[in-house]
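See structure below.
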Amino acid sequence: MPVVVDDPLISSMTITRPLPIHQSSRRLRELYRESPRVFGVAVMGDLSRRRWWPLAEVLTTDRLPAMFAAGLAETGSAAAAAQQIATTFADVVIGRVVPLLVLEGRAWDTGPENLWVHVDSEGAIDWVGVADPTVRALPDDPFFAGRRTVGVGHAARDGIVALPSEAALTTWAAHRSHRALAPLFDRLAAVGAGAMTVPAMWHIVGGAVVGAATRVPLLAGSSEAVGMRRGQAVLDAFVGFGVPVRGTSRTLPGKVLMN
């Protein structure tokens with residue numbers, strides 16, 4: 001039987017207004033109960049912000065050089081350090097939302113101003129949060145059953161808004177993720193002095209999408225065909241934005257995202 005882990009950060013959350021993102025994240029955490037922070041996100045309004053910081057701070061502070069220096073000290077390789085950080089960024093931004101897209105046809109906002117990260121005592125990113133908890137969903141989402149409209153009028157109140165189609169939802173998720181990842185990868189390439197190219201970082205993103213779209217249906221017992229269709233739609237959208245997510249990249253061992 002799976003071991004149920006009582007995670008102190010999750011158990012300390014104070015949810016005063018349950019929203020669709022809470023329900024979705026709870027279902028995602030059930031997929032891997034031994035490490036409940038692997039899937040799902042926190043809502044920043046539900047918790048203390050100790051050891052949390054906005055992901056966008058990577059662009060304006062010395063956090064990224066510090067992360068790179070720590071990775072270099074651990075691995076002895078600039079390329080390995082850059083790959084570890086790129087893998088972490090890919091997981092934080094797109095690797096966590098694809099499971100929700102695959103399972104429920106929902107997505108939280110992965111835009112650069114919405115994502116926060118939590119770090120452990122060693123400074124490694126070990127959880128992800130969102131400032132705005134509103135999710136986008138398909139028109140046939142169970143939340144909308146019996147409602148006359150599925151528009152945006154009550155998004156702030158309900159925490160969910162419908163997009164017109166699966167193509168619109170996957171394109172929106174890829175667009176918001178691209179907005180977050182493109183400047184992160186450019187800065188990482190500069191900090192790493194070219195130890196890893198930006199196209200190679202985007203290959204990692206492609207692998208993260210395919211990996212989540214393949215693994216999650218197996219864990220959940222859901223449709224593999226739906227998972228791969230939605231995953232491929234996300235990749236198609238990334239390609240439309242001009243980034244090379246289709247390709248291969250060599251995976252190096254080391255500490256990436258710890259839970």
Seminar exercise, completed: Of (1) outside any strand (DSSP E or B); (2) out of contact with any Asp or Glu (no Cβ under 9 Å at 6 or more places or on another chain); (3) open to solvent by less than 30 Å² (accessible area, probe 1.4 Å); (4) under 28 Å from Thr170 (Cβ atoms), Phe68 satisfies every one except (4)
For this session: Output yes when any residue across the range 32-43 is part of a loop (DSSP other than H, G, I, E, B), open to solvent by 80 Å² or more (accessible area, probe 1.4 Å) and not hydrophobic (A, V, I, L, M, F, W, C), and no when none is.
Result: yes
Exercise. Pairs, please: C-beta under 6 Å, at least 6 apart or cross-chain, first residue at positive phi and in the range 86-107, second open to solvent by 10 Å² or more (accessible area, probe 1.4 Å)?
Worked result: Gly105/Leu138
Exercise. Do we find that Thr149 is at pLDDT below 95, among the β-branched types (Val, Ile, Thr) and over 30 Å from Ser11 (Cβ atoms) in this structure?
Worked result: yes
Problem set entry | Residue in the range 126-146 that is modelled with the highest pLDDT, counting only those that are open to solvent by less than 50 Å² (accessible area, probe 1.4 Å) and of a type in the set (Asp, Glu) | Asp141
For this session: Just name the residue that is most open to solvent (accessible area, probe 1.4 Å) out of those in the range 212-231 that are more than 19 Å from the chain's Cα centre (by Cα), small (Gly, Ala, Ser) and farther than 15 Å from Glu166 by Cα.
Result: Gly221
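The values are calculated or read from the model by the stated rules, or taken from the named source; none is laboratory data. Just so we're clear, the structure is a prediction, and the values are computed from it rather than from any experiment. Please note: Cβ atoms are built from the backbone with ideal geometry, for glycine as well, and neighbour counts cover all protein chains shown. Just so you know, the surface numbers come from the protein's heavy atoms only, side chains and all, with ligands and any DNA or RNA stripped out. Shrake-Rupley method; radii C 1.70, N 1.55, O 1.52, S 1.80 Å.
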